[in-house]
Amino acid sequence: MSAILDVHDLHLRRGDRTILAGATFTVTHGGIVALMGPSGSGKTTILRVIAGLERFDRGAIDVEGVRLKGGEKANAALLRNLRRKVGLVFQFHHLFDHLSALRNITLAPTHVLGVPMPAAEARARELLAALGVEHRASALPRELSGGEAQRVAIARALAVDPPLLMMDEPTASLDPSRRNELGELLARLATQKRTILLSTHDDDFARRWATTILRMDGGVVV
């Protein structure tokens, strides 16, 4: 099976601290890949680097032909292409507080990709319905429960239909029943020509739902 993501020899330092020390791994199309390891092992940093949110010093990342190189600043065109390939759901969601759920989801398609607002809204409502929160379209983030906010954040990440969806510690604030609902949701998404890459400390969740488990320690995949 072909690779959707190839990460090769990633190095990143912040001051005197080494965060990534040659991380290398490949993710093939389809399935749920859990990136596990102790706090400080580099899991969240890997996701941020793949999403183009943080530069790295050395190495290379390839997401379906979109290539990031260590030590080089990605130009606007490259980042636009990357946004079509990768969606990221942050641990604390980071929805825009002053915008409704619907408007949070339409931002990237309209402002980054130039999609007309009617088409962006139609896509947003379709995603909200698929994720079971269509009735919360007009709600502000502070009016959403934790589970609802997470689903809106997933919808926002999927708004440009990226083949790779990444999530940072998605079960951190969920009770057991909500974790199970999330697992079912991700399994469903993984059957729709989507690949899920998530960082997690949740062994039980990873063992039940992940099709592949990668373990990080000391800035490398071990």
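Please find, within the stretch 28-60, the residue that is modelled with the lowest pLDDT out of those that are in a strand (DSSP E or B) and either polar (S, T, N, Q) or farther than 25 Å from Phe92 by Cα (or both).
So, considering only residues that are in a strand (DSSP E or B) and either polar (S, T, N, Q) or farther than 25 Å from Phe92 by Cα (or both), the one modelled with the lowest pLDDT is Thr28.
Only one residue in Leu174, Leu165, Leu131, Leu158 is of a type outside the set (S, T, N, Q) and farther than 23 Å from Thr110 by Cβ, so which one is that? Break it down into steps so the answer makes sense when it comes.
Values: Leu165 fails: farther than 23 Å from Thr110 by Cβ; Leu131 fails: farther than 23 Å from Thr110 by Cβ; Leu158 fails: farther than 23 Å from Thr110 by Cβ.
The match here is Leu174.
Of all residues in the stretch 166-222, count the ones that are touching a helix residue (DSSP H, G or I) at 6+ places or on another chain (Cβ under 7 Å) and more than 22 Å from Pro38 (Cα to Cα).
Matching residues across the stretch 166-222 total 3.
Quick check, is Lys69 among the charged types (D, E, K, R) and either in contact (Cβ under 8 Å) with a residue 12 or more places away in the chain or under 14 Å from Met166 (Cα atoms) (or both)? Don't jump to the end; show me each part of the working.
Working: among the charged types (D, E, K, R): yes; either in contact (Cβ under 8 Å) with a residue 12 or more places away in the chain or under 14 Å from Met166 (Cα atoms) (or both): no.
Answer is no for this residue.
Regarding Phe25, is this residue outside any loop (DSSP other than H, G, I, E, B), among the aromatic types (Phe, Trp, Tyr) and in contact (Cβ under 8 Å) with a residue 40 or more places away in the chain?
Values: outside any loop (DSSP other than H, G, I, E, B): yes; among the aromatic types (Phe, Trp, Tyr): yes; in contact (Cβ under 8 Å) with a residue 40 or more places away in the chain: yes.
Against the criterion (outside any loop (DSSP other than H, G, I, E, B), among the aromatic types (Phe, Trp, Tyr) and in contact (Cβ under 8 Å) with a residue 40 or more places away in the chain), Phe25 qualifies.
The values are calculated or read from the model by the stated rules, or taken from the named source; none is laboratory data. It should be emphasised that the depicted structure is a prediction, and the values quoted were computed from it without experimental measurement. Quick reminder, even Gly has a Cβ in these numbers, built from the backbone with ideal geometry, and neighbours come from all protein chains shown.
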